[in-house]
Amino acid sequence: MMMDVLANVMSWQIVLAILCGVAAGISIGAMPGLTSTMGIALLMPFTFQLEPAVGMMLLIGEFVGAIYGGSITAIMVNTPGTPSAAATVLDGYPFTKRGESCRALGISTVASAGGGIISGVFLILIAPQLAEIALKFSAPETFALAFFGISIIASISGKELLKGLISGTFGLILALVGMDNISGLSRFTFDTVFLMNGLSFIPVMVGLFAMSQCFVSMEELYDEIKITAKITSPIPTWADLKKIFPTILRGGVTGTLVGIIPGAGGDISAFISYDMEKRVSKHPELFGTGIVEGIAAPESSNNGTTGGALIPLLTLGIPGDANTAVMLGALMVFNLTPGPQLFVEQALVVNTLFAGFMIANVVMLVMGLSGIRIFTKIVQIPKPVLVPIIILMCVIGSFAINGNYLDILVMFGAGVIGYLLLKGGFPLSPIVLALILGPMAEGNLRRSLVMSQGDYSIFLTHPIAATFIVIALISLFWPIVRHLKNHRSTKAA
């Protein structure tokens, strides 16, 4: 079997599919608004005439490449190319402002490949066992996970704790826009059909991060201050590798575990991993100023979800996220029914996908390191040229997600709000985190109460949910207590 898998995965068709998929994924991921899910959906029609293993490897290669590609614009222009790169902005862009974008991209590339390979090891060795964990996540557990993610707002707010909590609350309010998924009543829609499904996340994120930064750049459009990227070796130094190695291990494991939970994804795992790394760090105060662990943690974690999300897809037929939901359709087209029988009846195809997934991460590592010198040229483009290009990409990305012109207005509105918040010193990441997790938390809270007939003790009788809630409360209130303690100490001094 091993020799058959090796011969299959090294065939020119599969190698070409991996190369094309990863290259397309990096390109799509680096364009704000064009998500990995959209990329898979665009490529899927091209797979229908291919062999099942070849077609699936094209989609998996795109998946791997796009999750990494989002970090390129997150680091270079303070704009996450994909939602899973939103946490990378926190420490990635400060590297660019210091002229160290080449170093940051090298760390991101190595961490992304490392996280993906770690998840691939889990995928190969213990996929069925890990998939059983996903079956234990009902509405109470999923709500507790989302609540834990929201509690991270207190940690990522840094010194501006109050402003961070205000930003997070604003994000939760935005998450309420649309139709109530339990009662069917409309909320904050102003009687417009466009808002019935809520605010589309991508235009809001693009507006908050990209357009707001464009408005800031317009103030200094013709200033002579220019960021100069230091062109160094794309391979991280030994000192950086030693620092990020434990971070990559933790991020890869975290991403895999979060990835197998249906409904979770790289955006959630990235923030969870970032918060975890900040807590175990000996210098948490440096997070947000541009340190290597702040890039390695979210990038290893969000790429770790790629393998994690494939585990419930292949073993149970349950998509781990939106990307694998599209892949589920491709599997059905290829007459590959996910589940335990797939490993028996199509063992060669499954093992080929496992081996190809590992190769895709290696290909992504090589392509990423090879392209760093090209990526760093972005900061050398004059602002009068770069800003209109970014605005055009924002408009295209916002329109492309739903094909609706009103999403462009949402993007510009979010950009204005983001600009005003930046001027007021409010962090933007809590808004994005709350907007991602708000619907997930609300929906599963309501379902849990329906299950228990309004009894809130359901969250205590489910051990996994109770554990997450306790951790979330500690995560939420400990930064507040520490902030008040430091304030009193400073006042006394």
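No lab work stands behind these numbers, since they all come straight from the coordinates. This structure is a prediction, so every number in the text was calculated from the model and none was measured. FYI the Cβ positions are ideal-geometry reconstructions off the backbone, even for glycines, and counts take in every protein chain you see.
So which chymotrypsin sites (Phe, Trp or Tyr not before Pro) in the stretch 362-432 are both in a DSSP loop and have at most 12 other Cβ atoms within 10 Å of their Cβ? If you can, show how the numbers build up before the last one.
Details: sites: Phe375, Phe399, Tyr405, Phe412, Tyr419; in loops: Tyr405.
Those satisfying the criteria are Tyr405.
Multiply the residue gap between Ser183 and Leu392 by 0.36 nm, knock off their C-alpha separation, and tell me the result in nm, one decimal place.
Details: separation 209, 0.36 × 209 = 75.24 nm, distance 3.91 nm.
My answer for the length gained is 71.3 nm.
Report the FRET efficiency, 1/(1 + (r/R0)^6), for Leu50 and Val481, where r is their Cβ-Cβ distance and R0 is 56 Å, rounded to 0.05. Write out the running numbers ahead of the final one.
Values: r = 57 Å, r/R0 = 1.02.
Rounded to the nearest 0.05, the efficiency is 0.50.
Starting from the Cα of Val450, step 7 Å toward the Cβ, then list every residue of the stretch 170-186 with an amide N under 17 Å from that point.
Answer for the stretch 170-186: 179-186.
Helix by helix, which DSSP H runs in the chain go 20 Å or more along their axis at the Cα atoms and have an average Kyte-Doolittle hydropathy of -0.5 or more?
Working: long enough: 12-29 (25 Å, 1.97); 52-77 (38 Å, 1.62); 101-135 (41 Å, 1.47); 161-175 (21 Å, 1.73); 238-259 (30 Å, 0.52); 266-280 (21 Å, -0.17); 292-316 (37 Å, 0.45); 347-375 (41 Å, 1.90); 383-402 (29 Å, 1.99); 406-423 (26 Å, 1.83); 429-452 (34 Å, 0.89); 463-492 (43 Å, 0.71).
Correct list, ordered by number: 12-29, 52-77, 101-135, 161-175, 238-259, 266-280, 292-316, 347-375, 383-402, 406-423, 429-452, 463-492.
Starting from the 7 Å offset along Cα-to-Cβ, what nm value, one decimal, do you get for the label separation of Val15 and Ala239?
Rounded to a tenth, the inter-label distance reads 3.9 nm.
Counting other Cβ atoms within 10 Å of each Cβ, which chymotrypsin sites (Phe, Trp or Tyr not before Pro) in the stretch 177-212 have at most 16 and sit in a DSSP loop? Please list the in-between numbers first.
Numbers: sites: Phe188, Phe190, Phe194, Phe201, Phe209; in loops: Phe188, Phe190.
Hits after loop and neighbour filter: Phe188, Phe190.
Output the Cα-based Rg and Dmax of the chain in Å, rounding Rg to one decimal and Dmax to a whole number.
Spelled out, the Cα radius of gyration and Dmax of the chain are 21.9, 73 Å.
Taking H as built 1.01 Å from N, whose amide H comes closer than 5 Å to the amide H of Leu199, not counting residues under 5 places away?
Hits under the 5 Å cutoff: Val177.
Would you mind finding the longest exposed-site-free stretch of the chain, with exposed GluC sites (Glu not before Pro) meaning DSSP loop and at most 11 other Cβ atoms within 10 Å? Spell out each step's value before the answer.
On the way: sites that count: Glu220, Glu224.
Value returned for the longest uninterrupted segment is 225-493.
Hey, can you grab everything whose amide H is under 5 Å from the amide H of Ser186? Only 5+ residues off in sequence or another chain; H modelled, so Pro and N-termini drop out.
The answer is Asp180.
Taking only DSSP H segments of four or more residues, each worth -39500 (n - 2.57), what value at 222 nm results for the chain once the sum is divided by all its residues, to the nearest 500 deg cm²/dmol? Present the calculation step by step, with values, prior to reporting the outcome.
On the way: 22 runs with 355 residues, N = 493.
Roughly -24000 deg cm²/dmol at 222 nm, from the helical runs in the chain.
Can you figure out the FRET efficiency of Arg373 with Met332, using R₀ = 41 Å and their beta-carbon distance, to the nearest 0.05? Intermediate results must be reported in sequence, preceding the final value.
Working: r = 42 Å, r/R0 = 1.02.
It comes out at approximately 0.45.
Hey, with R₀ at 41 Å, roughly what FRET efficiency would Val344 and Thr289 work out to, going by the Cβ-Cβ distance, to 0.05?
Working: r = 52 Å, r/R0 = 1.28.
Between Val344 and Thr289 the formula returns 0.20.
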